[in-house]
Amino acid sequence: MITRNTFECSSCGAQSSKWSGRCLDCGKWGSLEEAVREARSEKLGARSRPAKTTVFADVRGHDVPRIPTKIAEVDRVLGGGIVPGSLILLGGEPGIGKSTIILQIAQGIATRDPFSVATENGSPNSSPSTTVLYCSGEESAEQIKMRLDRLGIKGRTTHYCGETDIDAIIATIREQKPSLAIVDSIQTMRSAEVQSEAGSITQVRAITVRLLETAKATGIPIVIIGHVTKEGSVAGPKTLEHLVDTVLYLEGDKSHMYRLLRAVKNRFGALDEIGVFEMQSAGLQEVQNPSKVFLDEHETHTSGTVVTVAMEGSRPFLVEIQALVTKTVFGYPQRRADGFDTNRLQLLIAVLTERAKLSLGSYDVFLNVAGGFQITEPAADLAIALAIASALKNTPLTQKTVVFGEVGLGGEIRRVPLDEKRRAEAKRFGYTSVIAPPEVRSLTDALKKITSLSS
Ligand code: TYD
Ligand code: MG
């Protein structure tokens, strides 16, 4: 049999055919290890036994049973609760609140009715456990206890395990049979089978595979917590996305209180569902009315302020956009945006200049999306354009007006998805006037809608 040697970086997983002292991909020194692979021979396939197949018509479908977490926003994002035997990855920046939310979920599960796991035929689950196993390589039991006190959680059925060896953790899970096991965080765990240091790609991947096997074999759901940096990943949870059943991300701006829990992959529920939370002194609190939150600061009626309806998954939000336009004092005019893509802002300014004849060449433009919200959809284009125009002309929009629509390069305004939903949300909050397509078809049309703005 032919064998071929390759070299793999234990830090980033990059492969090369030659050894070198430094990984050419991630730049780490001394991380390349030899990986011996057996080259596949054609004959191998011929020797294997064929697998059994089934006709779909004979497969009986059934509802997936779920363990409710008792936090409505979390359950919604998960598609109704945690599925037994599933592996969930909870990612987010350090300090965003992952450990906090998982302890709150643990509490919800620990205090639920033990017979609330509905099984296929409606009979109670065979192991009505309400215990939760919390394995932490990050904090001591005392540190977590302090956090629990802060959250007002007694923790009678939540067991702490300060182990970082994955084999010991798996043995504990198999012995204790908790209703949920948590591994916080994957970057601190080690598998003795893998040589490289904790947190490296090979470690993180090997541990995930072991936990996946454990979850499937025991039917116990496992949550893996993984740190992600702004840039994407450190030995990335991103590379684990294809291994796990569900990927949740906890997002938000640390300088603001709002946190969004987002499902970016879910084998058992809808994608792009989001849950909205507010970080308070007693943990993360659910926000039932997100529009109210992002609008709270909208008290004054000033120029440069426009309210738009943004969509996150299937949920509409009223969000306030603020623009400030000032004369450029020196050099090139500045364009800055917080919560919105700067390149898109520059494009919109160019369209305003060319198509609506607003001269912004000697003005600095600053844009801010209130409440730390991030807008990624083009549906906010028109609101941004009008905010800039309103700031430039120092004329506020008529009160109780929402604006949305995509702005094209020709200054035309295009319809955006979920138009009905956006209008309904605006109405719910008493916004009686809507500036959006098809009522307005071009940027000049829209500008005329604003009293005295185009004069
Ligand atoms: P944490 O859950 O430790 O973040 P992660 O596990 O994602 O690293 O959250 C840390 C932040 O949350 C910390 O800055 C303090 C804040 N916090 C509150 O504001 N209220 C609370 O009740 C708790 C427990 C934490
Ligand atoms: Mg933590």
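The values are calculated or read from the model by the stated rules, or taken from the named source; none is laboratory data. Computed from a predicted structure; not experimentally measured. Neighbour counts are summed over all protein chains in view; Cβ atoms, including those assigned to glycine, are modelled from backbone coordinates with ideal geometry. Only protein heavy atoms, including side chains, enter the accessible area calculation; ligands, DNA and RNA are left aside. Shrake-Rupley method; radii C 1.70, N 1.55, O 1.52, S 1.80 Å.
Mind ranking 71-82, 277-288 by how tightly packed they are, going by the mean number of other C-beta atoms within 10 angstrom, highest first? Don't skip to the end; give the middle numbers.
Numbers: 71-82: 21.5, 277-288: 16.0.
My ranking of the peptides, most packed first, is 71-82, 277-288.
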| field | Within straight-line cross-link reach of K145, lysines at Cα separation under 21 Å, skipping those fewer than 8 residues along the same chain | value | K98, K154
| request: Please give, to one decimal in nm, the separation of the simple spin-label points placed at E138 and K28, each 7 Å out from Cα toward the Cβ. | output: 2.0 nm
| message | Accessible area of the chain with a 1.4 Å probe: how many percent of it is carbon plus sulfur? | response | 51 percent
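Which loop trypsin sites (Lys or Arg not before Pro) in the range 398-432, with loop taken from DSSP, have no more than 15 other Cβ atoms within 10 angstrom of their Cβ? Let's see the in-between values first.
Details: sites: K400, R414, R415, K421, R422, R423, K427, R428; in loops: K400, R415.
Within the range 398-432, the qualifying trypsin sites (Lys or Arg not before Pro) (loop, at most 15 other Cβ atoms within 10 Å) are K400, R415.
How many percent of Cα pairs in the range 288-443 exceed 24 Å?
26 percent
One-quarter of the Cα convex hull surface for the range 66-288, in nm²? Intermediate values should be presented prior to the final figure.
Working: hull surface 46.3 nm².
Computed as one quarter of the Cα hull surface, the answer is 11.6 nm².
Between T398 and R47, how high is the FRET efficiency from 1/(1 + (r/R0)^6) when r is the Cβ-Cβ distance and R₀ = 60 Å? Nearest 0.05. Before the final figure, lay out the partial values.
Details: r = 77 Å, r/R0 = 1.29.
E(calc), rounded to 0.05, equals 0.20.
Taking the solvent-accessible surface of protein heavy atoms with a 1.4 Å probe, what is the per residue accessible area of the chain in Å²?
Values: 22770 Å² over 455 residues.
The answer is 50 Å² per residue.
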| said: Suppose every Lys and Arg Cβ carries +1 and every Asp and Glu Cβ carries -1, with no other charges. What dipole size does the chain come out with about its Cα centre, to the nearest 20 debye? | reply: 700 debye
| said: Going by Cα centres, the range 144-166 and the range 404-421 are how many Å apart? | reply: 49 Å
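What ranking do 333-341, 22-30, 206-214, 52-60 get when scored by the average of other Cβ atoms within 10 Å per residue, highest first? Don't jump to the answer; show the numbers that get you there.
Values: 333-341: 16.2, 22-30: 13.2, 206-214: 19.2, 52-60: 5.9.
Descending mean neighbour count gives 206-214, 333-341, 22-30, 52-60.
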| Where the centroid of each part is defined by its Cα atoms, how far is the range 46-82 from the range 235-283 in Å? | 21 Å
| field | Residues of type lysines that K357 reaches as a straight line, Cα spacing below 30 Å, ignoring anything fewer than 8 places off in the same chain | value | K327, K393, K400, K448, K449
| Positive minus negative residues near R76 (Lys, Arg vs Asp, Glu; Cβ under 14 Å) | -2
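Which number comes out as Rg/Rh for the chain once both Rg and the Kirkwood Rh are worked out on C-alpha atoms? Display every interim value, and only then the final one.
Numbers: Rg = 26.6 Å, Rh = 25.3 Å.
Using only Cα positions, Rg/Rh for the chain is 1.05.
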